[in-house]
Amino acid sequence: MEAAKLVRMANQIAANFDYGPDQAKAVAGVVDHMRRFWSPMMLEELVEHQAKGDGGLTAVAQMAVTQIAQERRAAR
Amino acid sequence: MSEAYKPYRRADDLGTPAVASERAVRLNIDGEEITVPEGTTVMRAAALTGTSVPRLCATDSLESFGSCRLCLVEIEGVKGLPASCTTEAKDGMRVTTQNARLANIRRNVMELYISDHPLDCLTCPTNGDCELQDMAGAVGLREVRYGYAGENHLDAQKDTSNPYFTFDPSKCIVCSRCVRACEETQGTFALTIDGRGFASKVAASQNQPFLDSECVSCGACVQVCPTATLTENSLIDMGQPEHVAVTTCAYCGVGCSFRAEMKGGEVVRMIPHKDGQANHGHSCVKGRFAFGYATHAERITTPLIRESIHDPWEQVSWEEAIGFAARALKGIQEKYGRDAIGGITSSRCTNEETYLVQKLVRAAFGNNNVDTCARVCHSPTGYGLKSTLGESAGTQAFDSVLKADVIMVIGANPTEAHPVFGSQLKRRLRAGAKLIVADPRAIDLVRSPHIQADYHLQLRPGTNVPLINAMAHVVLSEGLEATAFIRERCEVDAYEDWRSFILEERNSPEAMESVTGIAADTVRAAARLYASAPNGAIYYGLGVSEHSQGSTMVMGIANLAMATGNLGREGVGVNPLRGQNNVQGSCDMGSFPHELPGYRHVSDPQVRALFEAEWGVEILSEPGCRIPNMFDAAVAGQFKGLYVQGEDMAQSDPDTHHVTAALSALECLIVQDLFLNETAKFAHVFLPGSSFLEKNGTFTNAERRISPVRKVMEPLAGYEDWEVTQALSNALGYPMSYTHPREIMDEIARLTPTFKGVTYDKLDRLGSIQWPCNDAAEAGTPTMHVEEFVRGKGLFRLTPFVATDERTTARYPLLLTTGRILSQYNVGAQTRRTANLTWHDEDVLEIHPHDAEQRGIVMGDWVGLKSRAGETVLRADITERVQPGVVYTTFHHPESGANVVTTDNSDWATNCPEYKVTAVQAYKVTQLSEWQEKFERFTEQQLDLLHKAKAAVQQKVG
């Protein structure tokens, strides 16, 4: 799947959670959402995209993807 | 289900409508005592004792009228002979319905009627089912002493303009039932009685043929006409039906109950069922008349296969087709992996059928790649209402609208898209309820006969969330919130967070004025009206969900309802107007990549264990692909096989270029449908499907009402849709051996708590059941969240406005939004194959006079419509229904290419496409677009390949 599309989706989710001063809460919201609704294939592709250093993710989205990457590594 | 096949008999008619009252009265009719609710007429009370008082102008779907003078009775102590239809039963009344005096008067009345009536009974279409015949017989009419030489109406000309019924005024007795039905039942007011005395006649609009008038062809007048004046053309052609089965409509989410009136395996006509709890004996043009598609010549009745989409189709046996499909799917999984295939369930097929498709995907494919059309329409409803209230469904029954005081309709057009509900809504508005309409367009509901919206919030497309936030701001800042309700029923912390957020200045109507385009005063007034109503009800549609913040808006609506205490009783609520006949059902049945039946997440080990035990397989704990993800993965080469049941993504999904690229990239596309639709043109396997007339099962409408679908004819292709899915599952190595859909429902009930008490026997007994139906609610649940919300306490969720990426620019200065029209249904697969084409044989572009003038466009011109996604051409309809800067079209005809222009923008939470906001430019053109020309050529090619298959078979046979 086109990574650019996944980046857009992630940023959109992040924008909808990132409205207050509590950034940690926003990140938690994004992580929970992606965990519940994204397929493993999509999560892995986005994690890979971030790992390669390819840009595009906003701050909150970045943090969310990092957390998801950690979770998935731990689960393996 | 055999109880519901009854030999033909006209439905019982008790003369005048039922009345509900706390008080009862007891009266004596012909020596028999009966107790009835206060307000019941003497006629109805008599009918309840089993006595039919003769009548012609009275019928129990309409208020009494008292014009025919047949139903006169004697009442002790009352002077003269009152009409029993207009006389209320009183305590202690003593009524005589039959004696020599009454008999004489009734005979005289009938004599007058028959003196001006054609005497061609034996060749008349209603011979055998005519109330005039019945009454002549009932009163013992033996002669007409006036003779037949005088002035009469026998030369009146027939009006056959409407494709579905004939108006023969020579048979009219001017009982006014049709006029009253058009007023009370439908609410269109298209008919009137023109002239007086002998010159009285039924007139449509300004004495026009029905087709040219304001008539919407709902058929209510045809249904109530006691003579042959208004008769279905199908009845004229075929004669009287001989047996009846009660079933459910396969068009919209109202889910009207119908009597399928049959001769053998042929449908004579569909008559709305009086006891249908969703429709109470009413219907629209589609359900009543547009069922001919089921037997249309274009129905495909034999399975087809081909290796490549450029090859001609080959007609094969079922066994061969299923085997071919199974081998291809297995091959793909071996080559590309378990997740390379998926399935799409149909929102038009039954609950049992969609349950089997998601079971096929989970058990036979072994993954969670299953999705349904709700993705592109109400998936935000699922997300938003689950999150705030705890259940992915509307909170009320349709009848709840009759108790509403203020009704707010947001992004929905009920008189076009949910017509029978629209009529009920108008009934309530005429009785005094207030109306707020939030829509960029001036829909009919804003102003129509006897209806005027108190506020039309004509917002710019894409600004729903600012509007709802501004309304909530008014409620809180002016102290109109329902504090007690909030404290008792909702999570207090979340409320406090939401409260501080909403009260921020940026959410005020004043701050949002330039964003929405609605004056702050108007927003304040509308919010006050809703918040101060004893009962405030919100109804919404795709104008809410098909946006990049669709889920946010749904939550915003739920927040507003909770804040004003408008939940948990009749007359209020949050009511999503679900579109398809069974989209609610397919969602209930777990047609989602992340949810099992009953909206339970696949990650929940307890839920998985329940299904794993029943199904004997392991179920994946992580979500699968949604439809847009499937397309993206197909284009990327990772997703290669798809089983599509009753869904036409090539026409209905946005960004057609992307969809067709994805479909072309598949190695095996299996389409199970009635016709060779747009998606089937890219398929390798075509499995002929069955219409709603050809199978047993259940549909669930927008009120969570599970209604029976009853088979009245053999499937044209030999199998019901569920049997085909079963065969495919068996061929893939996962055994299924159901012998009847009732067994599938029993399985669903075993595994899904909200369906626990649902059985076919109970459906036969009750007629329909609104889920949840379980031990706590044996007969179902009309109103939800009564004592507490499904999630316990209601959750206020923050709804910050994030503007869509889709902005107007110099290049694309207009905003396109889309919608539906009454006579056509969604992609038009069914309605385009019926006489409904009479009303809407092409999609047009509504454009405001200012915008048209600037571009040199006049009425009827070809207009090029271009967005960053693509370009198409439509004919112009210059109108002030749209505001300057906004254009509008429908999407019922594939060659319109409406979705070539829509983009891949979608809701942040569910990927529901943002059909309602596309930045476009419009300009005058002289020819169709490149896409349309390619589409025409491709369609011709594919039809040719289909004909080759049919010819090949004929050659072999001939």
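Results for (1) under 28 Å from B:Pro414 (Cα atoms); (2) among the small types (Gly, Ala, Ser), shown as yes or no for each residue.
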| position | (1), (2) |
| --- | --- |
| B:Tyr164 | yes, no |
| B:Ile173 | no, no |
| B:Arg180 | yes, no |
| B:Thr185 | yes, no |
| B:Asp194 | no, no |
| B:Ser200 | no, yes |
| B:Phe210 | yes, no |
| B:Val222 | yes, no |
| B:Thr229 | no, no |
Seminar exercise, completed: Of (1) crowded, with 24+ Cβ neighbours inside 10 Å; (2) over 29 Å from B:Thr188 (Cβ atoms), B:Ala363 fails just (1)
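Each row is one residue, and each column tells you yes or no for (1) β-branched (Val, Ile, Thr); (2) touching a helix residue (DSSP H, G or I) at 6+ places or on another chain (Cβ under 8 Å); (3) touching a residue at least 60 places away in the same chain (Cβ under 8 Å); (4) within 14 Å of chain A (Cβ to nearest Cβ).
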| site | (1), (2), (3), (4) |
| --- | --- |
| B:Gly624 | no, yes, yes, yes |
| B:Phe631 | no, yes, no, yes |
| B:Val644 | yes, yes, yes, no |
| B:Glu647 | no, yes, yes, no |
Exercise. Which residues, counting only those in region B:604-622, are charged (D, E, K, R) and either more than 14 Å from chain A (Cβ to nearest Cβ) or in contact with a Cys (Cβ under 7 Å, 6 or more places away or on another chain) (or both)?
Worked result: B:Arg608, B:Glu612, B:Glu614, B:Glu618
For this session: Can you give me the number of residues within region B:439-469 that are part of a helix (DSSP H, G or I) and surrounded by fewer than 23 Cβ atoms within 10 Å (Cβ to Cβ)?
Result: 2
Seminar exercise, completed: Subset of region B:781-797, residues in contact with a Gly (Cβ under 9 Å, 6 or more places away or on another chain), in a loop (DSSP other than H, G, I, E, B) and surrounded by 21 or more Cβ atoms within 10 Å (Cβ to Cβ), comes to B:Met784, B:His785, B:Leu795
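Of all residues in region B:579-603, which are part of a loop (DSSP other than H, G, I, E, B), more than 14 Å from every other protein chain (Cβ to nearest Cβ) and among the small types (Gly, Ala, Ser)?
The answer is B:Gly579, B:Gly590, B:Ser591, B:Gly598.
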Problem set entry | Leading residue by the ranking (nearest to B:Pro654 (Cα to Cα)) among those in region B:901-919 that are more than 13 Å from chain A (Cβ to nearest Cβ) and in a loop (DSSP other than H, G, I, E, B) | B:Thr902
Exercise. What residue, of B:Gln942, B:Gln883, is closer than 24 Å to B:Val802 by Cα and away from chain A (no Cβ under 14 Å)?
Worked result: B:Gln883
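Each row is one residue, and each column tells you yes or no for (1) within 13 Å of another protein chain (Cβ to nearest Cβ); (2) touching a Gly at 6+ places or on another chain (Cβ under 7 Å); (3) farther than 25 Å from B:Gly382 by Cα.
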{"position": "A:Val7", "(1), (2), (3)": "yes, yes, no"}
{"position": "A:Ala26", "(1), (2), (3)": "yes, no, no"}
{"position": "A:Thr58", "(1), (2), (3)": "yes, no, yes"}
{"position": "A:Glu71", "(1), (2), (3)": "yes, no, yes"}
{"position": "A:Ala74", "(1), (2), (3)": "no, no, yes"}
Exercise. So, of the residues in region B:628-650 that are within 25 Å of B:Ala829 (Cβ to Cβ) and of a type in the set (Asp, Glu), which turns out to be surrounded by the most Cβ atoms within 10 Å (Cβ to Cβ)?
Worked result: B:Glu647
For this session: Looking only at region B:414-438, count how many residues are in a loop (DSSP other than H, G, I, E, B) and surrounded by fewer than 24 Cβ atoms within 10 Å (Cβ to Cβ).
Result: 3
Problem set entry | Flag if B:Met562 is within 14 Å of chain A (Cβ to nearest Cβ) and touching a residue at least 60 places away in the same chain (Cβ under 8 Å) | no
Exercise. Could you say which residue among B:Ser500, B:Ser545, B:Ser514, B:Ser532 is within 14 Å of B:Pro800 (Cβ to Cβ), modelled with pLDDT of 95 or more and of a type outside the set (D, E, K, R)?
Worked result: B:Ser500
Seminar exercise, completed: Those residues of region A:28-44 which are facing chain B (nearest Cβ under 9 Å) and farther than 18 Å from B:Ala494 by Cβ amount to A:Arg35, A:Arg36, A:Phe37, A:Trp38, A:Ser39, A:Pro40, A:Met41, A:Met42, A:Leu43
Exercise. Has region B:267-284 got any residue that is part of a helix (DSSP H, G or I) and touching a residue at least 12 places away in the same chain (Cβ under 8 Å)?
Worked result: no
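The values are calculated or read from the model by the stated rules, or taken from the named source; none is laboratory data. On a predicted model such as this, the values are computed, not experimentally measured, just so you know. Quick reminder, even Gly has a Cβ in these numbers, built from the backbone with ideal geometry, and neighbours come from all protein chains shown.
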